[in-house]
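Following: one structure in structure tokens, then a few remarks.
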Amino acid sequence: MFDKSKYDELLQLLLSKGLNPSLDWHETSNPNHLLIRHDIDFSVDYGVELAKFEYDQKIKSTYFFMLTTNFYNLISRKHIDMVNSIKEMGHKISIHFDPISYKNLDGFLIEKEIFENTFDIELDIVSIHRPGIFLKDNNKSLFGCAQTYQNKYFKEMHYISDSAGQDVFPMIHSYLQENRTKGLQLLIHPVWWIKKTSEPTQTLNYWFENHSDFLRNEIRRNCKTYKN
């Protein structure tokens, strides 16, 4: 869909209107408070790429990673190093929790222990993947841990998302033209902002082609009889 130059245009537009990027998910009442949220659904590599770009722009945001996705293994050595590099850049890291992966929400406690021990942090905010049950009860928490669809982030702040590759610019312009009384939670999925394409399917095919090369290399590395 877009690329990093377009993401830079988006960031500069928000900054020019007085929005202040923050890692503070507790103080949300300031109308200039900007929480940039990155849900990593497909690629930790793309997350690192966008994190480096933001770091160069002196922007800090929050990156949420999944432990139950089939697309990447968060606790592989490669991905642990990548997530730690994002943390070392000064960004916030946390869990992108998929409640559908479990019979009940107790599964979150397992993920929380793994994530906190692996990355040496204490979680205070979690983003929800496929948030259906949480939209029915916005203020539901995860055993005392705040989540991104609670009213203070989803209703008391303005919420804009690029989910499914939708163009956020019309929504951003509309928000900025208002007599703003609310801060902004902006959900950005890095996969939509790495390669300029004409539409979402082309973007995902680009991601697939790049990662198929990675898988071939991993097969070669682990099986000497592989000749492709």
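Points worth noting:
- Descending principal axes extents, the range 105-154, alpha-carbon based, whole Å: 31, 20, 17
- Surface per residue (accessible, 1.4 Å probe) for the chain, Å²: 50 Å²
- Sparse-neighbour loop sites [trypsin sites (Lys or Arg not before Pro); the range 117-220; at most 12 other C-beta within 10 Å; DSSP]: none
- Gyration tensor over the Cα atoms of the range 1-74: the corresponding equivalent ellipsoid has semi-axes (square roots of 5 times the eigenvalues, largest first) of 24, 16, 9 Å.
- Carbon plus sulfur fraction of accessible area for the range 1-65, probe 1.4 Å, in percent: 48 percent
- The GluC sites (Glu not before Pro) of the range 166-228 meeting both criteria, a DSSP state outside H, G, I, E and B (loop) and at most 11 other C-beta atoms within 10 angstrom of the site's C-beta, are GLU178.
- Computed about the Cα centre, the dipole magnitude for the range 1-126 is approximately 240 debye when only Lys and Arg (+1) and Asp and Glu (-1) carry charge, each at its Cβ.
- Across all Cα atoms of the range 40-143, the radius of gyration (one decimal) and Dmax (whole number) stand at 13.8, 42 Å.
- Kirkwood Rh (inverse of mean 1/r, distinct Cα pairs), the range 57-207, angstrom: 17.1 Å
- Cβ-defined net charge surrounding ARG216, 12 Å radius [Lys, Arg +1; Asp, Glu -1]: 0
The values are calculated or read from the model by the stated rules, or taken from the named source; none is laboratory data. This is a predicted model, so every value here is computed, not measured. Virtual Cβ from ideal backbone geometry, glycine too; neighbours counted across all protein chains shown. Ligands, DNA and RNA are excluded from the accessible area calculation, which covers all protein heavy atoms including side chains. Shrake-Rupley method; radii C 1.70, N 1.55, O 1.52, S 1.80 Å.
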